[in-house]
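Laboratory data are not the source of any read-out in this text; all were calculated from the coordinates shown. Predicted model only: the values in this text are computed from it and were never measured. Positions of Cβ are generated from backbone atoms using ideal geometry, with glycine treated the same way; all protein chains shown enter the neighbour counts.
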């Protein structure tokens with residue numbers, strides 16, 4: 001059995017994770033602890049309120065008792081909001097506190113883009129433009145080119161209510177002919193049920209926050225697994 005512990009901010013799209021767990025191998029577990037977000041994570045400046053070390057450390061003991069082999073801070077804006085170096089510091093402190101390998105959704109996106117061999121991406125964000133710029137800057141610091149970025153500027157509560165049509169529309173609006181991959185960075189967005197449809201809609205790989213969060217935790221736990229319904233990132237390698 002492989003257990004990836006998740007620190008998830010507030011309550012929005014957390015039901016994506018049980019769905020992902022079902023679609024993955026039967027011996028993968030994704031226990032979750034909800035953290036205090038300190039406000040709407042979509043507002044400029046608010047991501048910093050979600051990610052202080054003491055907020056994240058509060059859930060570590062419970063995840064260790066659940067048998068976690070790795071930890072992921074399941075927030076994108078709550079990590080890239082600290083900038084490239086600050087996000088590294090955040091994760092180093094989390095790993096030190098837990099005594100386990102740790103990462104965040106933001107770094108999951110970086111590692112997943114590299115795994116797909118891509119260098120140019122399009123971003124479909126639900127954030128205000130200023131927050132989206134923080135994410136594109138984070139990607140740029142990792143050497144990933146952002147050829148287009150869409151900012152919807154809706155609140156976390158609104159995002160959590162979006163369904164299939166809104167999610168696919170966001171991916172299509174963000175896509176660009178020069179982009180090799182489309183990124184949907186908000187962990188408040190329900191995407192687990194739509195991954196195959198998203199990739200068909202834009203005819204290229206799509207990386208979504210909750211999908212990438214789980215993949216990153218499995219990567220840290222050195223667990224390789226494949227799932228047909230979870231997009232190119234989880235596709236079985238060609239022989």
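With the simple spin-label model, which puts each label point 7 Å out from Cα in the Cβ direction, the residue 115 to residue 133 separation comes to 3.2 nm. Using the Cβ-Cβ distance between residue 57 and residue 228 with R0 set to 41 Å, the FRET efficiency from 1/(1 + (r/R0)^6) comes to roughly 0.65.
The ranking of 73, 162, 226 by Cβ neighbour count inside 10 Å, starting from the fewest, reads 226, 162, 73. The packing ranking, built from the mean of other Cβ atoms within 10 Å per residue, places the peptides 21-31, 188-198, 127-137, 99-109 in the order 99-109, 188-198, 127-137, 21-31, highest first. A simple spin-label model places pseudo-atoms 7 Å from Cα toward Cβ; at residue 164 and residue 27 they are separated by 3.4 nm. Going by the alpha-carbon gyration tensor, a ≥ b ≥ c the square roots of its eigenvalues, is the stretch 146-206 rounded (a/c under 1.5) or, if a/c is not under 1.5, prolate (a/b greater than b/c) versus oblate? Oblate, since a/c reaches 1.5 and b/c is not below a/b. In the chain, the DSSP-assigned H stretches of four residues or longer account for a calculated mean residue ellipticity at 222 nm of -12000 deg cm²/dmol, using -39500 (n - 2.57) per stretch and the full residue count as denominator.
Applying 0.36 nm per residue to the separation of residue 236 and residue 140 and subtracting their alpha-carbon distance, the gain on full extension is 31.7 nm.
Applying 1/(1 + (r/R0)^6) with r as the Cβ-Cβ distance of residue 11 and residue 88 and R0 = 35 angstrom yields a FRET efficiency of 0.80.
Between residue 65 and residue 203, the contour length at 0.36 nm per residue exceeds the alpha carbon distance by 45.5 nm.
Spatially, the stretch 96-124 and the stretch 173-239 are offset by 12 Å when compared through their Cα centroids.
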